[in-house]
């Protein structure tokens, strides 16, 4: 028999407190995965700016690529 019971937030916290470290780590990973789109969108809204042009970004990317390429050749 499949029975669905709702638990409140405090009950959930109590259940999690009873879990072992590996189970808690798995819960954290699950929550990180589930909340990634929201957290990423919040991050983007904070860093969005019109101060940089595409040309400036491209120049910086090329500079870093060049440094990495030269470092690999040494």
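Some values worked out for this structure:
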| quantity | calculated |
| --- | --- |
| Every pair of residues 6+ apart whose Cβ atoms lie under 8 Å, when the first sits in the range 22-43 and is closer than 20 Å to residue 12 by Cβ while the second is modelled with pLDDT of 95 or more and outside any helix (DSSP H, G or I) | 27/19 |
| 1 or more residues on the phi < 0 side of the Ramachandran plot and under 17 Å from the mean Cα position of the chain (by Cα): qualifying helices (runs of 4 or more DSSP H) within the chain | 21-47 |
| Boolean, residue 72 is more than 21 Å from residue 12 (Cα to Cα) and at pLDDT below 90 | yes |
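The values are calculated or read from the model by the stated rules, or taken from the named source; none is laboratory data. A quick note: this is a predicted structure, and the numbers were derived from the prediction, not measured. Ideal geometry is used to build each Cβ from the backbone, glycine not excepted, and the neighbour counts take in all protein chains shown.
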